[in-house]
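First comes the structure, then the notes that go with it.
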Amino acid sequence: MLYQLSGRRAAKVTTMRERPILMLLAEKICKTFHPGTVDERIALSDVSLKLHAGDFAVVVGGNGAGKSTFLNLLAGEVTADSGTITVGGSDVTALPTHRRARHIARVFQDPSVGTAAALSLEENLAVANRRGHKRSFSLGLTQSLSEELRARIASFDLGLEKRMKTKASLLSGGQRQALSLLMAVLQRPELLLLDEHTAALDPRTAAIVMRVTEQVVREASLTTLMVTHNMQHAIDYGNRLIMMRDGRIVGDLSGDAKRAMTIEKLVATFNDEPATALTVNS
Ligand SMILES: Nc1ncnc2c1ncn2[C@@H]1O[C@H](COP(=O)(O)OP(=O)(O)OP(=O)(O)O)[C@@H](O)[C@H]1O
(Lines give C-alpha, C1' and ligand atoms only; values in the text may rest on other atoms or scores of the structure.)
Protein backbone atom coordinates (compact mmCIF):
# COMPACT_ATOMS: atom_id res chain seq x y z
CA MET A 1 0.00 0.00 0.00
CA LEU A 2 1.08 3.52 -0.71
CA TYR A 3 1.73 4.57 2.84
CA GLN A 4 4.54 2.06 2.92
CA LEU A 5 6.40 4.43 0.57
CA SER A 6 7.45 6.24 3.70
CA GLY A 7 9.42 3.44 5.32
CA ARG A 8 10.58 5.33 8.39
CA ARG A 9 7.08 6.31 9.41
CA ALA A 10 5.63 2.90 8.59
CA ALA A 11 8.13 1.26 10.94
CA LYS A 12 7.18 3.71 13.65
CA VAL A 13 3.52 2.81 13.39
CA THR A 14 4.24 -0.91 13.60
CA THR A 15 5.75 -0.44 17.04
CA MET A 16 2.72 1.62 18.04
CA ARG A 17 0.52 -1.44 17.94
CA GLU A 18 2.42 -2.99 20.83
CA ARG A 19 1.87 -0.22 23.37
CA PRO A 20 -0.03 3.03 23.10
CA ILE A 21 2.23 5.85 22.00
CA LEU A 22 1.29 9.40 22.83
CA MET A 23 0.82 11.17 19.49
CA LEU A 24 -0.78 14.43 20.61
CA LEU A 25 -0.19 16.11 23.93
CA ALA A 26 -1.85 19.50 24.28
CA GLU A 27 -1.29 20.94 27.73
CA LYS A 28 -3.05 23.85 29.40
CA ILE A 29 -3.75 25.78 26.22
CA CYS A 30 -5.19 29.26 26.70
CA LYS A 31 -6.20 31.71 24.00
CA THR A 32 -7.93 35.07 24.33
CA PHE A 33 -8.61 37.18 21.26
CA HIS A 34 -8.28 40.97 21.57
CA PRO A 35 -7.38 40.91 25.27
CA GLY A 36 -8.06 44.01 27.28
CA THR A 37 -10.44 45.49 24.68
CA VAL A 38 -14.24 45.57 24.42
CA ASP A 39 -13.90 42.77 21.83
CA GLU A 40 -12.10 40.45 24.25
CA ARG A 41 -13.11 36.80 23.66
CA ILE A 42 -11.80 33.93 25.73
CA ALA A 43 -11.66 31.19 23.08
CA LEU A 44 -9.78 28.49 25.02
CA SER A 45 -9.27 28.14 28.78
CA ASP A 46 -6.80 25.59 30.04
CA VAL A 47 -7.49 23.00 27.35
CA SER A 48 -5.53 19.77 27.72
CA LEU A 49 -5.89 16.70 25.52
CA LYS A 50 -3.95 13.50 24.98
CA LEU A 51 -4.40 11.32 21.90
CA HIS A 52 -2.66 7.99 21.55
CA ALA A 53 -1.59 6.44 18.25
CA GLY A 54 -4.66 5.32 16.33
CA ASP A 55 -7.14 7.35 18.41
CA PHE A 56 -9.95 8.79 16.30
CA ALA A 57 -11.40 11.62 18.37
CA VAL A 58 -14.52 13.47 17.30
CA VAL A 59 -14.94 16.98 18.71
CA VAL A 60 -18.40 18.47 19.11
CA GLY A 61 -19.67 21.66 20.70
CA GLY A 62 -22.02 24.57 20.08
CA ASN A 63 -21.16 27.73 18.19
CA GLY A 64 -18.28 29.58 19.80
CA ALA A 65 -17.26 26.59 21.93
CA GLY A 66 -13.66 26.91 20.73
CA LYS A 67 -13.43 23.94 18.32
CA SER A 68 -11.99 25.86 15.35
CA THR A 69 -9.60 27.81 17.53
CA PHE A 70 -8.31 24.55 18.99
CA LEU A 71 -7.78 23.06 15.51
CA ASN A 72 -6.16 26.28 14.26
CA LEU A 73 -3.83 26.20 17.25
CA LEU A 74 -2.84 22.60 16.59
CA ALA A 75 -2.22 23.42 12.93
CA GLY A 76 -0.16 26.50 13.86
CA GLU A 77 -2.47 29.09 12.35
CA VAL A 78 -3.23 30.65 15.73
CA THR A 79 -0.64 31.12 18.47
CA ALA A 80 -1.52 30.15 22.02
CA ASP A 81 -1.13 32.65 24.84
CA SER A 82 0.15 29.82 26.99
CA GLY A 83 0.42 26.05 26.95
CA THR A 84 2.35 23.52 24.89
CA ILE A 85 1.63 21.22 21.96
CA THR A 86 3.64 18.07 21.31
CA VAL A 87 2.97 15.94 18.22
CA GLY A 88 4.66 12.57 17.75
CA GLY A 89 7.13 13.47 20.51
CA SER A 90 8.17 16.80 18.93
CA ASP A 91 7.32 20.08 20.62
CA VAL A 92 5.62 22.05 17.82
CA THR A 93 4.34 24.90 20.00
CA ALA A 94 6.60 27.50 18.40
CA LEU A 95 6.59 26.10 14.85
CA PRO A 96 4.75 27.95 12.06
CA THR A 97 2.14 26.06 10.02
CA HIS A 98 4.45 25.06 7.16
CA ARG A 99 6.97 23.54 9.58
CA ARG A 100 4.22 21.49 11.22
CA ALA A 101 3.21 20.03 7.84
CA ARG A 102 5.66 17.18 8.36
CA HIS A 103 3.66 16.15 11.43
CA ILE A 104 0.13 17.36 10.78
CA ALA A 105 -2.24 17.16 7.79
CA ARG A 106 -5.59 18.89 7.57
CA VAL A 107 -8.72 18.57 5.48
CA PHE A 108 -10.94 21.65 5.38
CA GLN A 109 -14.66 22.26 5.02
CA ASP A 110 -14.27 23.72 1.52
CA PRO A 111 -13.40 20.92 -0.93
CA SER A 112 -11.48 23.37 -3.12
CA VAL A 113 -8.98 24.27 -0.38
CA GLY A 114 -7.05 21.00 -0.24
CA THR A 115 -6.61 20.46 -3.98
CA ALA A 116 -5.13 22.45 -6.88
CA ALA A 117 -7.92 23.14 -9.39
CA ALA A 118 -5.66 23.36 -12.44
CA LEU A 119 -3.82 20.10 -11.76
CA SER A 120 -5.13 16.67 -12.66
CA LEU A 121 -6.14 14.22 -9.99
CA GLU A 122 -2.91 12.30 -10.55
CA GLU A 123 -0.77 15.46 -10.40
CA ASN A 124 -2.46 16.55 -7.17
CA LEU A 125 -1.62 13.19 -5.63
CA ALA A 126 1.97 13.34 -6.89
CA VAL A 127 2.40 16.81 -5.33
CA ALA A 128 1.02 15.52 -2.03
CA ASN A 129 3.34 12.55 -2.21
CA ARG A 130 6.35 14.90 -2.42
CA ARG A 131 5.36 16.87 0.67
CA GLY A 132 8.29 17.12 3.05
CA HIS A 133 10.81 16.14 0.34
CA LYS A 134 13.36 18.49 -1.19
CA ARG A 135 11.86 20.89 -3.72
CA SER A 136 12.13 19.75 -7.30
CA PHE A 137 10.63 20.73 -10.63
CA SER A 138 9.69 17.12 -11.23
CA LEU A 139 6.59 15.58 -9.68
CA GLY A 140 8.40 12.24 -9.64
CA LEU A 141 5.38 10.69 -11.32
CA THR A 142 6.94 7.40 -12.37
CA GLN A 143 4.92 4.58 -13.91
CA SER A 144 5.00 2.60 -10.68
CA LEU A 145 3.95 5.58 -8.54
CA SER A 146 1.16 6.32 -11.00
CA GLU A 147 -0.09 2.73 -10.72
CA GLU A 148 0.13 2.81 -6.94
CA LEU A 149 -1.84 6.05 -6.75
CA ARG A 150 -4.45 4.67 -9.11
CA ALA A 151 -4.83 1.52 -7.00
CA ARG A 152 -5.14 3.52 -3.84
CA ILE A 153 -7.89 5.77 -5.19
CA ALA A 154 -9.65 2.79 -6.80
CA SER A 155 -10.04 1.32 -3.30
CA PHE A 156 -12.49 4.14 -2.52
CA ASP A 157 -14.91 2.62 -5.01
CA LEU A 158 -15.92 6.00 -6.43
CA GLY A 159 -14.66 5.40 -9.97
CA LEU A 160 -11.97 8.06 -9.55
CA GLU A 161 -9.30 5.72 -10.92
CA LYS A 162 -10.83 6.32 -14.36
CA ARG A 163 -10.34 10.07 -13.99
CA MET A 164 -6.66 10.28 -13.10
CA LYS A 165 -6.01 12.82 -15.90
CA THR A 166 -9.09 14.93 -15.08
CA LYS A 167 -8.49 18.37 -13.61
CA ALA A 168 -9.54 18.65 -9.95
CA SER A 169 -11.78 21.60 -10.86
CA LEU A 170 -14.02 19.20 -12.81
CA LEU A 171 -14.61 16.86 -9.87
CA SER A 172 -17.71 17.10 -7.67
CA GLY A 173 -17.39 18.38 -4.10
CA GLY A 174 -17.51 14.86 -2.68
CA GLN A 175 -14.97 13.51 -5.17
CA ARG A 176 -12.69 16.44 -4.44
CA GLN A 177 -13.00 15.84 -0.70
CA ALA A 178 -12.12 12.15 -1.20
CA LEU A 179 -9.06 13.33 -3.18
CA SER A 180 -8.19 15.81 -0.38
CA LEU A 181 -8.35 12.98 2.14
CA LEU A 182 -6.02 10.76 0.16
CA MET A 183 -3.63 13.68 -0.41
CA ALA A 184 -3.64 14.43 3.32
CA VAL A 185 -2.73 10.90 4.34
CA LEU A 186 -0.24 9.89 1.61
CA GLN A 187 2.71 10.85 3.78
CA ARG A 188 1.10 9.28 6.82
CA PRO A 189 0.86 12.33 9.11
CA GLU A 190 1.32 11.87 12.83
CA LEU A 191 -1.90 13.81 13.33
CA LEU A 192 -4.80 14.20 10.88
CA LEU A 193 -7.13 17.16 11.47
CA LEU A 194 -10.57 17.03 9.87
CA ASP A 195 -12.17 20.44 10.06
CA GLU A 196 -15.92 19.95 9.46
CA HIS A 197 -14.82 18.33 6.21
CA THR A 198 -18.32 17.06 5.33
CA ALA A 199 -20.23 20.21 6.31
CA ALA A 200 -20.45 21.60 2.76
CA LEU A 201 -21.74 18.34 1.27
CA ASP A 202 -25.25 16.96 0.87
CA PRO A 203 -26.09 14.13 3.30
CA ARG A 204 -25.55 11.32 0.76
CA THR A 205 -22.17 12.67 -0.33
CA ALA A 206 -21.22 13.37 3.29
CA ALA A 207 -21.91 9.71 4.07
CA ILE A 208 -19.64 8.62 1.22
CA VAL A 209 -16.86 10.94 2.39
CA MET A 210 -17.22 9.57 5.93
CA ARG A 211 -16.91 6.03 4.57
CA VAL A 212 -13.68 7.04 2.81
CA THR A 213 -12.51 8.83 5.97
CA GLU A 214 -13.07 5.74 8.07
CA GLN A 215 -11.19 3.68 5.49
CA VAL A 216 -8.06 5.89 5.31
CA VAL A 217 -7.93 6.35 9.08
CA ARG A 218 -8.28 2.61 9.73
CA GLU A 219 -5.89 1.44 7.01
CA ALA A 220 -3.03 3.60 8.27
CA SER A 221 -4.03 3.60 11.99
CA LEU A 222 -3.95 7.39 11.83
CA THR A 223 -4.33 9.51 14.92
CA THR A 224 -7.23 11.74 14.01
CA LEU A 225 -9.11 14.73 15.41
CA MET A 226 -12.37 15.50 13.61
CA VAL A 227 -14.53 18.53 14.33
CA THR A 228 -18.17 18.14 13.31
CA HIS A 229 -21.60 19.61 13.86
CA ASN A 230 -23.11 16.33 12.66
CA MET A 231 -24.23 14.53 15.81
CA GLN A 232 -24.86 11.27 13.94
CA HIS A 233 -21.28 11.26 12.68
CA ALA A 234 -20.08 12.02 16.21
CA ILE A 235 -21.89 8.96 17.48
CA ASP A 236 -21.07 6.64 14.59
CA TYR A 237 -17.37 7.36 14.14
CA GLY A 238 -14.23 7.36 16.24
CA ASN A 239 -13.28 5.85 19.56
CA ARG A 240 -13.34 9.12 21.52
CA LEU A 241 -16.03 11.78 21.76
CA ILE A 242 -14.72 15.13 22.99
CA MET A 243 -17.24 17.76 24.02
CA MET A 244 -16.36 21.43 24.18
CA ARG A 245 -18.21 24.30 25.71
CA ASP A 246 -17.17 27.88 26.52
CA GLY A 247 -13.57 27.24 25.54
CA ARG A 248 -13.17 24.12 27.67
CA ILE A 249 -13.24 20.38 27.17
CA VAL A 250 -16.20 19.34 29.30
CA GLY A 251 -16.51 15.70 28.28
CA ASP A 252 -14.28 12.95 26.90
CA LEU A 253 -16.15 9.71 26.28
CA SER A 254 -14.68 6.44 25.15
CA GLY A 255 -15.51 2.72 25.33
CA ASP A 256 -18.96 1.87 26.69
CA ALA A 257 -19.71 5.50 27.55
CA LYS A 258 -19.25 6.51 23.92
CA ARG A 259 -21.18 3.51 22.62
CA ALA A 260 -24.08 4.37 24.96
CA MET A 261 -24.29 7.94 23.68
CA THR A 262 -27.33 8.84 21.58
CA ILE A 263 -28.18 11.94 19.59
CA GLU A 264 -30.87 12.82 22.15
CA LYS A 265 -28.43 12.61 25.07
CA LEU A 266 -25.78 14.53 23.17
CA VAL A 267 -28.18 17.32 22.27
CA ALA A 268 -29.52 17.42 25.85
CA THR A 269 -25.98 17.71 27.10
CA PHE A 270 -25.45 20.86 25.11
CA ASN A 271 -28.85 22.35 25.79
CA ASP A 272 -29.37 22.07 29.51
CA GLU A 273 -26.90 20.11 31.55
CA PRO A 274 -24.27 21.86 33.59
CA ALA A 275 -20.78 20.98 32.36
CA THR A 276 -20.00 19.06 35.55
CA ALA A 277 -22.86 16.62 34.84
CA LEU A 278 -21.13 15.09 31.83
CA THR A 279 -19.84 11.55 32.08
CA VAL A 280 -16.11 11.50 31.58
CA ASN A 281 -14.71 8.32 30.05
CA SER A 282 -15.63 4.77 30.91
N1 LIG B 1 -10.01 35.55 14.89
C2 LIG B 1 -10.81 35.79 15.91
N3 LIG B 1 -10.91 37.02 16.43
C4 LIG B 1 -11.70 37.28 17.48
N5 LIG B 1 -12.46 36.35 18.12
C6 LIG B 1 -12.40 35.10 17.64
C7 LIG B 1 -11.59 34.75 16.52
N8 LIG B 1 -11.74 33.42 16.28
C9 LIG B 1 -12.61 32.96 17.20
N10 LIG B 1 -13.00 33.97 18.02
C11 LIG B 1 -13.91 33.86 19.16
O12 LIG B 1 -13.45 32.76 19.95
C13 LIG B 1 -14.54 32.00 20.44
C14 LIG B 1 -14.43 30.56 19.95
O15 LIG B 1 -14.65 30.54 18.54
P16 LIG B 1 -14.44 29.28 17.63
O17 LIG B 1 -14.59 29.73 16.21
O18 LIG B 1 -13.18 28.59 18.00
O19 LIG B 1 -15.66 28.37 18.06
P20 LIG B 1 -16.29 27.10 17.32
O21 LIG B 1 -16.59 26.12 18.39
O22 LIG B 1 -15.41 26.66 16.23
O23 LIG B 1 -17.63 27.69 16.76
P24 LIG B 1 -18.42 27.32 15.40
O25 LIG B 1 -19.03 25.98 15.63
O26 LIG B 1 -19.44 28.40 15.31
O27 LIG B 1 -17.44 27.34 14.25
C28 LIG B 1 -15.80 32.71 19.97
O29 LIG B 1 -16.23 33.58 20.98
C30 LIG B 1 -15.33 33.49 18.76
O31 LIG B 1 -16.11 34.64 18.56
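The values are calculated or read from the model by the stated rules, or taken from the named source; none is laboratory data. This one's a predicted model, so the numbers in the text were calculated from it and none came from an experiment. In this analysis, Cβ positions are derived from the backbone assuming ideal geometry, glycine residues included, and neighbour counts consider all displayed protein chains. For accessibility, only protein heavy atoms count, side chains too; no ligands or nucleic acids. Shrake-Rupley method; radii C 1.70, N 1.55, O 1.52, S 1.80 Å.
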With label points set 7 Å from each Cα along the Cα-to-Cβ direction at MET164 and HIS52, the distance between them in nm comes to 4.0 nm
If every Lys and Arg gets +1 and every Asp and Glu gets -1 at its Cβ, then about the Cα centre the chain yields a dipole, in debye to the nearest 20, of 1080 debye
If every Lys and Arg gets +1 and every Asp and Glu gets -1 at its Cβ, then about the Cα centre region 170-237 yields a dipole, in debye to the nearest 20, of 180 debye
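When only Cα pairs under 8 Å and 6 or more residues apart are kept, what is the percent relative contact order across the chain? Can you show the working numbers first?
Details: 510 pairs, mean separation 70.5, N = 282.
With pairs under 8 Å counted, the relative contact order is 25 percent.
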Distribution output for region 74-170: share of Cα-Cα pairs per 5 Å bin in percent, first bin at 0, values 2, 11, 17, 18, 18, 13, 10, 7, 3, 1
Carbon and sulfur atoms account, in whole percent of the 1.4 Å probe accessible area of region 2-273, for 50 percent
For region 29-154, the dipole about the Cα centre with charges only on Cβ (Lys and Arg +1, Asp and Glu -1), to the nearest 20 debye, works out at 360 debye
If the label point sits 7 Å along Cα→Cβ of ALA260, residues of region 230-253 with amide N under 18 Å come out as 235-236, 239-243, 251-253
Heavy-atom accessible area per residue of the chain, all protein chains kept, 1.4 Å probe, expressed in Å², is 48 Å²
In nanometres, the difference between 0.36 nm per residue of separation and the alpha-carbon distance of ARG150 and CYS30 is 38.9 nm
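Can you give me the convex hull volume of the Cα atoms of region 145-282, divided per residue and expressed in Å³?
Details: hull volume 17.2 nm³, N = 138.
Per-residue hull volume (Cα only) is 125 Å³.
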Farthest towards the positive end of the dipole of the chain, among MET226, MET183, VAL92 and with Cβ unit charges of +1 on Lys and Arg and -1 on Asp and Glu, lies the Cα of MET183
Counting only protein heavy atoms and leaving out ligands, DNA and RNA, the solvent-accessible surface of ASP46 at a 1.4 Å probe, in Å² to the nearest 10, equals 90 Å²
If each K or R counts +1 and each D or E counts -1, the residues other than LEU25 whose Cβ falls under 15 Å of its Cβ total -2
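As a check on your grasp of the helix formula, calculate [θ] at 222 nm for the chain: sum -39500 (n - 2.57) over DSSP H runs of n ≥ 4, divide by the residue count, round to the nearest 500.
Details: 10 runs with 94 residues, N = 282.
Result for the chain: -9500 deg cm²/dmol, rounded to the nearest 500.
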With the chain reduced to its Cα atoms and the Debye formula applied, log10 I(q)/I(0) at q = 0.07, 0.12, 0.16 1/Å amounts to -0.26, -0.77, -1.31
In terms of the charge dipole of region 2-273, which places +1 on Lys and Arg and -1 on Asp and Glu at the beta carbon, the residue among LEU158, ALA126, HIS103 farthest towards the positive end is ALA126
